[in-house]
1. How large a share of the accessible area of the chain, in percent, is made up of carbon and sulfur atoms when the probe is 1.4 Å and the other protein chains stay in place?
2. Once you have the Cα-Cα distance between Glu191 and Gln245, take 0.36 nm times their residue separation minus that, and quote the gain in nm to one decimal.
3. So how much slack lies between Arg235 and Gln204, counting 0.36 nm per residue of separation and subtracting their Cα-Cα distance, in nm?
4. Which value, in Å² and to the nearest 10, is the accessible area of Asp279 when all protein chains are kept and the probe is 1.4 Å?
5. Points 7 angstrom from Cα along the Cβ direction at Ala143 and Arg212: gap in nanometres?
6. Could you give P(r) for the stretch 316-393, binned at 10 Å from zero, as whole percent values over all Cα-Cα pairs?
7. So how exposed is Thr16, as accessible area in Å² (1.4 Å probe, rounded to 10)?
8. So what is the diffusion coefficient of the chain in µm² per second by Stokes-Einstein at 25 °C and 0.890 mPa s, using a Kirkwood Rh over Cα pairs?
Amino acid sequence: MSRRIQAQDADPILITTTEDLAALCDRLRQEPFVTVDTEFMRERTYWPELCVVQLAGAGEVAVIDALAEGIDLAPLGALFADPAVTKVFHAARQDVEICILRFGAPPRPLFDTQVAAMVAGFGDQASYDSLVRALAGAQIDKAHRFSDWAARPLSPAQINYAAADVTHLRRVYTALVERLTEEGRLSWVAEEMAELTDPATYRQDPETAWERLKPRSGNRRFLAAVRAAAAWREREAQRVNIPRQRLVRDETLLEIAATGPATAAELSRARGISKGFADGKTGAGLLAALATARELPESALPEPSRDGRQGPPASPALIALLKVLLAAKAEEHHVAPRLIASADELERLATEAEPQIPALHGWRRQIFGQAALALKGGRLALGVEGRKVKLIQS
């Protein structure tokens, strides 16, 4: 009997037909897990254009041409929905977004090796390259990282490059699972996967698009204009399927909200806005959105603070102490600080009694949140012992 070929030893196969894809997915549904990656283009579009999907099982690795004429990706959707097969990605957020757009649901169950690596002490946002070197003893060829994946035919070099992203991922995954099982931290990763597979995480709500611009102003009328302009841009970019920045750049949108043009001639004076844009249907839509915002009553205007913070700003010294505590706890537990708490969460911790933030729930509360509350309450002090920060109970 011949030995079973491991995925890293197998030559990749190119899948271009629905029949071959269905047969591949039937075989992979017998596996406990499959490794997955995608190649897509979105430089010229709002929605990502799926070009290639890579899959690896125990005995084969396949590169699926998602743009092949007549191919139906439904068998892939069925594999991604199979609860008996864990789908392993690295830095899965954009891949999951594509799956939701294509199949209506995220892959489940899912395991993200980048998140797992952060839990296992490999630092913030550990790269795939670094994990492959550390855990699989291999080197990634970066020559085709910026390939045009929409161009056809795919070259043998592109196919081999794409396949490498899932063959080495098998060893990365098994090494991380072994390490996290020994440390009793697999449940920590499971908590993170719950958010990563929540469709709400990927919902593009035009009404909240303005929050990404982070306008620094207490003028509620101006904020209403920003909200209206950003919502218009999001809907229009989705409708015509172009990147929002290509439609209107952020700085131009903020300038328009600040100047409040009411006519096409006034709109055309904004940087980056052509006369044709201002005089056409697109400009008319933006002007109508701004006009509606100007008519809003005071009660309907957005508040400057969107995160619930009230009162005076946080003490910089207290925030600094919380940062030191975070670094000490991350060092003690060998977890990436960014995974435990963000800068915004530290600020909220400094200003609110017990804010509703991830740092105060689950495993994060256990290793950091409780200590942070104790520090705020004067029940914990920070000192130095040797070359390490020491926690002193008071």
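The values are calculated or read from the model by the stated rules, or taken from the named source; none is laboratory data. Because the structure is a prediction, the values reported are computed rather than measured. Using ideal geometry, Cβ is built from the backbone for each residue, glycine included, and neighbour counts are taken over all protein chains shown. All accessible areas refer to the heavy atoms of the entire protein, side chains included, with ligands and DNA or RNA removed. Shrake-Rupley method; radii C 1.70, N 1.55, O 1.52, S 1.80 Å.
1. Answer for the chain: carbon and sulfur cover 51 percent of the accessible area.
2. Extra length available between Glu191 and Gln245 comes to 16.1 nm.
3. Here the answer is 10.2 nm.
4. Surface accessible to solvent at Asp279 totals approximately 90 Å².
5. 3.5
6. Spelled out bin by bin, the stretch 316-393 gives 20, 59, 21, 1 percent.
7. In the full protein context, Thr16 sits at about 50 Å².
8. Here the translational diffusion coefficient equals 101 µm²/s.
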